[in-house]
Amino acid sequence: MADTVLRVENLQAYFFTAEGTVKAVNDVSFDLHEGRTLALVGESGAGKTSVGLAIVKLLPHPGRVVGGRVLFGERDLTRLGPEEMRQVRGREIAMIFQDPVGGLNPVLSVGAQVQEIITTHLDVSSGEARQRSLRILAQTGLADPEAVSSRYPFQLSGGMAQRVMIAIATALNPRVIIADEPTSALDVTVQAGILEDLQELQRRHGTAILLITHDLGIVAQTADDMAVMYAGRIVETGDVRSVFSRPRHPYTWALLNSRPRLDLERDKPLPTIAGTPPSLVDLPPECPYLPRCPKAVSRCRTEPMPPLTEAAAGQRAACYNPVFHHDDGA
Ligand SMILES: Nc1ncnc2c1ncn2[C@@H]1O[C@H](COP(=O)(O)OP(=O)(O)O)[C@@H](O)[C@H]1O
Ligand SMILES: [Mg+2]
């Protein structure tokens, strides 16, 4: 296995709201490896974005990390002060968000924004910064970097704006990229191109990527490993191929079977998962999927949710009664 670049250990992040404590991230652990993409998947509200924001210490009020560690080399990021963390975010860990235009400065040209991040962090002349910025813009798949450089954010299409965001995020060759639904706001054709370019950058620099998405098609296309999140917890992890072919947690199984499929007859309704996700306020210690789970056994009602345990080689599930596959052990 490739080197571990970032290790998230028992991370807990809560929002302290007037309605109660929202346990958005509830004892989450995973590793990011050099040159690999881990997809964090799950329904809306599962806590995916909160995981990303907690790692880089950008959780909005009233959110707070209340437990766990985020190990990045020798450092535990949860212990860094604001200034040290700003340095890490600028240079070593980059974030790409869903809304590219909102992430850009409206009053600066594209070129100025890419050059700014370079001159802020590296000791280079403005001529050199300009050359570098053109090179980076070209690397992110923008056809005419010179022309794009002189434009302002409002003059960009959504796809171009997201490529510019990626250029800014990757300008300093970060070791980690956290991409939160980076293409959800874009056309499917534009999506594919951007994800390919991100993968190309990853191949070139060995970047570790945390790809946050609710789109299983994107996971299948771009991720190496996946972690399935439900109600603030990770219920299953493994390499994408294994999890897709033999999901172990009943929630993963339901999620994979609720995908729209091309071979379904038109007039048949798409399968959906019965019931709704629980409120994250004052969650009980039992498995949060219990009320919706068709495979629940008595232990699930009387004991806390089990930890992630090995279900097959390279695959772990947090379940007392994991899904059995007919070719298991074959
Ligand atoms: N600023 C906030 N204040 C209070 N609750 C929040 C805030 N942001 C997110 N949450 C809650 O945290 C939970 C996880 O949200 P989020 O991390 O955005 O999930 P996802 O990205 O998987 O859709 C949800 O219940 C959401 O309502
Ligand atoms: Mg989100």
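The values are calculated or read from the model by the stated rules, or taken from the named source; none is laboratory data. Keep in mind it's a predicted model, so treat the numbers as computed, not measured. Cβ atoms come from the backbone with ideal geometry, glycine included; neighbour counts cover every protein chain shown.
Points to keep in mind about this one:
- Residues in the range 150-188 that are hydrophobic (A, V, I, L, M, F, W, C) and without any contact (Cβ under 8 Å) to a residue 40 or more places away in the chain: MET160, LEU186, VAL188.
- Hits in the range 20-72 (condition: within 9 Å of ligand 1 (Cβ to nearest atom) and either among the acidic types (Asp, Glu) or assigned to a loop (DSSP other than H, G, I, E, B) (or both)): GLY42, GLU43, SER44, GLY45, ALA46, GLY47, LEU59, PRO60, HIS61, PRO62
- Tally, over the range 201-219, of residues that are modelled with pLDDT of 95 or more, small (Gly, Ala, Ser) and either within 16 Å of ligand 1 (Cβ to nearest atom) or at negative phi (or both): 1
- Exclusive hit being away from ligand 2 (no atom under 16 Å from the Cβ) and β-branched (Val, Ile, Thr), set VAL25, VAL66, VAL56, VAL41: VAL66
- Taken together, ALA54, ALA39 contain a single residue that is at pLDDT 95 or above, crowded, with 23+ Cβ neighbours inside 10 Å and closer than 19 Å to ARG89 by Cβ, which is ALA54.
- Scanning the range 270-288 for residues that are touching a Gly at 6+ places or on another chain (Cβ under 9 Å) and part of a loop (DSSP other than H, G, I, E, B) yields PRO277, SER279, LEU280, ASP282, LEU283, PRO288.
- Residue in the range 249-258 that is more than 16 Å from ligand 1 (Cβ to nearest atom), in a loop (DSSP other than H, G, I, E, B), more than 24 Å from PHE72 (Cα to Cα) and modelled with pLDDT of 90 or more present: yes
- Among the residues listed as ALA46, ALA13, the single one being within 16 Å of ligand 2 (Cβ to nearest atom), within 13 Å of the chain's Cα centre (by Cα) and at pLDDT 95 or above: ALA46
- Restricting the range 166-224 to residues that are more than 21 Å from ASN105 (Cα to Cα) and in a strand (DSSP E or B), the residue that is nearest to ligand 2 (Cβ to nearest atom): ILE212
- Lone qualifier among VAL101, VAL5, VAL88 - being away from ligand 2 (no atom under 16 Å from the Cβ), assigned to a strand (DSSP E or B), surrounded by 15 or more Cβ atoms within 10 Å (Cβ to Cβ) and at negative phi: VAL5
- Qualifying residue in the range 233-245 (condition: more than 20 Å from the chain's Cα centre (by Cα), at pLDDT 95 or above, closer than 23 Å to VAL8 by Cα and not acidic (Asp, Glu)): no
- Any hit, the range 113-121, residues being touching a His at 6+ places or on another chain (Cβ under 9 Å), at pLDDT below 95 and either surrounded by 13 or more Cβ atoms within 10 Å (Cβ to Cβ) or assigned to a helix (DSSP H, G or I) (or both): no
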